[in-house]
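FYI, it's all coordinate maths here, none of it is from the lab. Fair warning: this is a prediction, and the values are worked out from it, not measured in the lab. In this analysis, Cβ positions are derived from the backbone assuming ideal geometry, glycine residues included, and neighbour counts consider all displayed protein chains.
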């Protein structure tokens with residue numbers, strides 16, 4: 001082979017490699033795609049039990065966003081189409097039939113779920129979603145009891161698109177009193193693990209002010225929505241789950257106010273005489289915001305810490321008993337039992353029948369770390 | 001006449017260690033640790049370490065076998081030591097085994113890319129790209145391939161380890177990091193057996209061994225052991241992070257647990273947000289390395305089988321091997337089928353192959369010491385290590 005032939009063959013080879021590796025087959029310009037940012041899941045008709053809403057930014061809003069322009073109050077920055085069917089694929093087909101561009105599911109940031117979504121439909125939808133390879137399993141999820149479309153479209157002055165408001169909030173753990181964020185993979189893992197019930201942040205929109213409120217957690221039994229905890233219960237839930245960031249508490253006696261309560265939790269399961277015990281040990285730190293008496297002696301601080309520890313322990317215990325009354329194990333006591341005492345857990349055919357019988361105990365060790373600006 | 005000493009330039013000890021490690025690591029890493037956890041649950045970590053121990057032992061056996069006639073590949077001296085018919089059968093099995101490994105690797109990787117990244121690209125194109133790139137890597141022989149792997153494979157492994165450390169931030173259940181003590185032996189052994197394909201492929205050493213510079217051979221063995229120890233360490237980290245993130249109940253339901261784990265790694269604010277996805281794409285280097293080493297070995301084993309000089313015929317053998325792998329891979333419809341092939345054929349055949357062939361050869365070698373000595377003398381006299389190719 002002459003030098004010329006060798007050179008030509010190498011160049012041809014490089015060109016061939018360049019073309020074959022360039023991914024031309026998958027090249028779709030952004031302006032030829034409707035990139036779905038948010039998916040909505042709700043009940044459909046009996047023949048088409050799943051209804052999906054595909055929400056995507058409008059082309060003009062995307063251009064404005066890229067140019068760092070503000071939000072136009074006149075037009076909605078997002079559009080949506082919906083489709084229904086037995087599975088995600090059929091819903092997608094109906095959605096695609098309503099738009100002129102490629103309805104692209106590779107950029108989904110958020111999955112919103114109606115609280116009345118039937119468990120079997122929900123289960124199938126989650127499985128289908130986790131099988132869409134182009135979509136990784138990182139979209140955030142939440143549930144709402146309100147009209148899904150109104151929550152999906154809720155506008156705030158804080159973000160260009162509704163999706164961005166939710167994702168920026170959920171991405172920032174310290175922007176929430178309790179870190180309630182749940183991603184698709186976390187929800188799917190909990191939904192498929194014995195001994196734990198999944199949970200989701202519960203979102204509501206104030207009908208008059210249109211403000212988005214996220215301070216509650218929704219509990220599921222398997223994939224059946226059971227209840228949404230109150231904001232106070234949600235704070236206690238955060239303490240029990242180690243999700244608390246800046247919980248505050250007020251004790252009327254002594255006018256004690258503590259803020260920035262956060263810390264670690266350790267769950268241990270014990271089997272004694274055939275009975276399961278769940279022991280929560282919660283170590284918290286906090287800042288003393290105010291008291292009736294102006295004091296900063298170590299003894300009085302220790303007394304405050306001890307008093308608040310008792311109150312928080314009692315609140316947490318009440319919450320645990322409440323979950324037992326609902327036969328819901330959102331804290332994964334059964335799962336921990338499975339990991340720590342697998343033989344005992346295997347004996348229970350239905351964990352939900354055993355869960356209400358578990359003996360709960362909560363120990364809280366609160367440390368008043370900072371004293372705030374009181375003197 | 002087709003002895004390895006005539007295929008200079010030879011490779012260094014580190015290059016040998018890198019090539020042997022590249023010859024097995026990519027296989028099955030995408031599935032990992034699904035098979036272990038599906039069978040053994042939380043005990044899977046013990047299964048992984050058991051696999052590692054078995055591999056250390058089998059690697060030791062294969063080096064002992066190679067040391068008997070260090071200047072000839074197993075394919076070359078097996079006919080003379082074990083008789084021609086046995087040598088031919090073993091040669092055919094070795095070639096078929098390398099080809100099957102290559103096909104399964106191509107199907108696996110193509111399936112992953114087709115599903116997650118290039119859903120619009122036909123599978124034959126992805127496979128074709130893989131084959132062309134790995135052919136190019138193998139084209140210039142062992143020394144060039146080894147240097148390419150040193151330049152591409154080692155940095156990729158380092159980057160993956162750093163990304164795994166980042167993946168540690170998504171751990172949900174730290175309690176699962178502690179290996180369980182109440183082990184159930186049978187599920188553990190089952191998991192260990194099913195997961196063993198992650199170590200299958202290191203037998204490239206029996207073809208590669210004569211290509212190490214004579215003075216570097218002991219060092220080469222040490223590097224291969226070191227590579228194995230590193231890979232067991234990396235796999236341990238992979239296992240621990242994935243089980244403490246997803247839990248033992250969810251991993252068996254996942255298609256590609258390690259890929260999903262890496263895709264969870266996001267660096268908010270960094271100019272590449274989905275950092276883990278980028279690292280998965282970089283794993284292409286590992287796959288190409290695996291494929292190139294396989295092609296290289298198959299070409300040399302074919303040369304040994306047909307008693308032809310691989311110095312001259314290497315590239316002519318490499319081309320048809322590449323085409324065969326590409327065509328057979330296209331015929332396998334999806335990764336579920338390749339998974340079936342792995343579990344039904346590759347793992348059992350691999351374990352028998354890796355265990356019995358060195359034992360048989362070493363035993364026969366002990367019984368036929370004179371033949372071994374003659375083979376050694378004959379092959380050592382032919383070329384001075386380090387001299388230019390003839």
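Using 0.36 nm per residue, how much length does the chain from residue B:165 to residue B:343 gain when fully extended, once their Cα-Cα distance is taken away?
Full extension of this stretch gives 61.0 nm more.
Restricting to Cα pairs below 8 Å that are 6+ residues apart, what does the relative contact order work out to for chain A? Please round to a whole percent.
Numbers: 712 pairs, mean separation 45.8, N = 375.
Taking the mean separation of contacting Cα pairs over the length of chain A, I get 12 percent.
Evaluate region B:249-323: find the radius of gyration of its Cα atoms, find its Kirkwood radius, and give the ratio Rg to Rh. Walk me through the numbers on the way to the answer.
Details: Rg = 19.8 Å, Rh = 15.5 Å.
Reported Rg/Rh (Cα atoms, Kirkwood Rh): 1.28.
Beyond 16 Å, what share of the Cα-Cα pairs of region B:61-106 remains, rounded to the nearest whole percent?
Details: 492 of 1035 pairs.
The share of Cα pairs beyond 16 Å in region B:61-106 comes to 48 percent.
Evaluate the Debye formula for region B:128-178 with equal point scatterers sitting on the alpha carbons, no solvent, and hand back log10 of I(q)/I(0) at q = 0.16, 0.18, 0.29 Å⁻¹, in q order, two decimals.
Per q value, in the given order, log10 I(q)/I(0) is -0.64, -0.70, -1.04.
Please report, largest first and rounded to whole Å, the three semi-axes of the ellipsoid equivalent to region B:47-183, where each semi-axis is the square root of five times an eigenvalue of the C-alpha gyration tensor. Each step should come with its number before you reach the end.
Working: eigenvalues 231, 137, 58 Å².
Gyration-tensor ellipsoid for region B:47-183: 34, 26, 17 Å.
Please compute the Cα-Cα pair-distance distribution of region B:159-203 with 10 Å bins starting at 0, giving whole percents from short to long.
Percent of pairs per bin, in order: 19, 27, 43, 10.
What residue among A:109, A:353, A:324 has the largest mean-square fluctuation in a Gaussian network model of chain A, using Cα springs under 10 Å?
The residue that fluctuates most here is A:353.
Pairs of Cα atoms under 8 Å, at least six residues apart: use those to get the relative contact order of region A:223-375, whole percent.
Values: 250 pairs, mean separation 45.8, N = 153.
Here the relative contact order equals 30 percent.
Counting pairwise Cα distances across region A:281-375, what percent come out greater than 22 angstrom? Don't skip to the end; give the middle numbers.
Details: 2081 of 4465 pairs.
Across region A:281-375, Cα pairs with separations above 22 Å total 47 percent.
Quick one: angle between helix B:347-367 and the longest Cα principal axis of chain B, in degrees between 0 and 90, rounded to 10, please.
30 degrees
What does the convex hull of the Cα atoms of region A:27-149 come to per residue, in Å³, rounded to a whole number?
On the way: hull volume 14.8 nm³, N = 123.
About 120 Å³ per residue, rounded to a whole number.
DSSP beta bridges in chain A, what fraction antiparallel, as a percent rounded to 5?
Details: 44 of 68 bridges.
DSSP beta bridges in chain A are roughly 65 percent antiparallel.
Specify the residue with the greatest mean-square fluctuation among B:11, B:45, B:341, computed from a Gaussian network of chain B linking alpha-carbon atoms under 10 Å apart.
Most flexible of the set in this elastic network: B:341.
Measure nothing but the geometry: give the 0 to 90° angle between the long axis through the Cα atoms of A:298-325 and the longest principal axis through the Cα atoms of chain A, rounded to 10°.
Approximately 60 degrees, to the nearest ten.
Taking the DSSP beta bridges in the protein assembly as shown as the whole, what percent of them are antiparallel, to the nearest 5?
Percent antiparallel among DSSP bridges in the protein assembly as shown is about 65.
What whole-number value in cubic angstrom gives the convex hull volume per residue for the C-alpha atoms of region B:125-252? Each step should come with its number before you reach the end.
Working: hull volume 21.7 nm³, N = 128.
Here the figure is 170 Å³ per residue.
If you build the convex hull over the alpha carbons only and average its shadow over all orientations, what do you get for chain B? Give it in nm² to one decimal.
Numbers: hull surface 76.0 nm².
Spelled out: convex hull of the Cα atoms, projected over all directions, averaged, 19.0 nm².
Just how far, in whole angstrom, is region A:256-323 from region A:115-138 if you go by their alpha carbon centroids?
37 Å
Which order do B:206, B:154 fall in if you start with the one that has the fewest other Cβ atoms within 10 Å? Could you put the intermediate results ahead of the total?
Values: B:206 23, B:154 16.
Least to most surrounded, the residues fall as B:154, B:206.
For region B:89-165, just run the numbers: alpha carbon Rg, then divide by 2.2 N^0.38 Å, N being how many residues it has.
Values: Rg = 15.3 Å, N = 77, 2.2 N^0.38 = 11.5 Å.
Relative to the 2.2 N^0.38 Å estimate, region B:89-165 comes out at 1.33.
Which of A:118, A:279, B:369 has the fewest other C-beta atoms within 10 Å, and how do the rest follow up to the most? Before the final figure, lay out each step's value.
Details: A:118 17, A:279 14, B:369 10.
Listing A:118, A:279, B:369 from fewest to most nearby Cβ atoms yields B:369, A:279, A:118.
Return the single residue from A:139, A:201, A:252 with maximal mean-square fluctuation; model: Gaussian network over chain A, springs between Cα atoms under 10 Å.
Among A:139, A:201, A:252, the largest GNM mean-square fluctuation belongs to A:252.
Per-residue mean of other chain beta-carbon atoms within 10 angstrom of the beta-carbon, peptide A:323-335?
Values: counts 0, 0, 0, 0, 0, 0, 0, 0, 0, 3, 0, 0, 5.
Average neighbour count from other chains, rounded to a whole number: 1.
Would you mind ranking B:216, A:147 so that the residue whose beta carbon has the fewest other beta carbons within 10 Å leads the list? Don't skip to the answer; put the middle values down first.
On the way: B:216 19, A:147 13.
Listing B:216, A:147 from fewest to most nearby Cβ atoms yields A:147, B:216.
For residue A:97, project a label point 7 Å along Cα to C-beta. Then give me every residue of region A:36-55 with its amide nitrogen under 17 Å of that point.
In region A:36-55, the label zone of residue A:97 (backbone N under 17 Å from the point 7 Å along Cα→Cβ) covers A:44-54.
By how many degrees, 0 to 90 and rounded to 10, does the Cα axis of helix A:119-130 deviate from the longest principal axis of chain A?
50 degrees
Please compute the average number of Cβ atoms from other chains found within 10 Å of each residue's Cβ in peptide B:246-257. Walk me through the numbers on the way to the answer.
Numbers: counts 6, 10, 4, 9, 8, 2, 1, 6, 6, 3, 1, 0.
Shielding by partners across B:246-257 averages 5.
Using the basic label-point model (7 angstrom from Cα toward the beta carbon), what is the residue A:266 to residue A:297 distance in nanometres?
Going by the 7 Å Cα→Cβ label model, 3.2 nm.
Counting every Cα pair in the protein assembly as shown, what percent are over 48 Å apart?
Numbers: 91610 of 292230 pairs.
Every Cα pair in the protein assembly as shown considered, those over 48 Å come to 31 percent.
Over the Cα atoms of chain A, how large are the radius of gyration and the largest Cα-Cα distance (Dmax), in Å?
Over chain A's Cα set, Rg and Dmax evaluate to 25.9, 97 Å.
Ignore the peptide's own chain and count Cβ atoms of other chains within 10 Å of each Cβ in B:98-109; give me the average, rounded. Mind showing how you got there, number by number?
Values: counts 0, 0, 0, 0, 0, 0, 0, 0, 0, 0, 0, 0.
Per residue, the number of nearby Cβ atoms from other chains is 0 on average.
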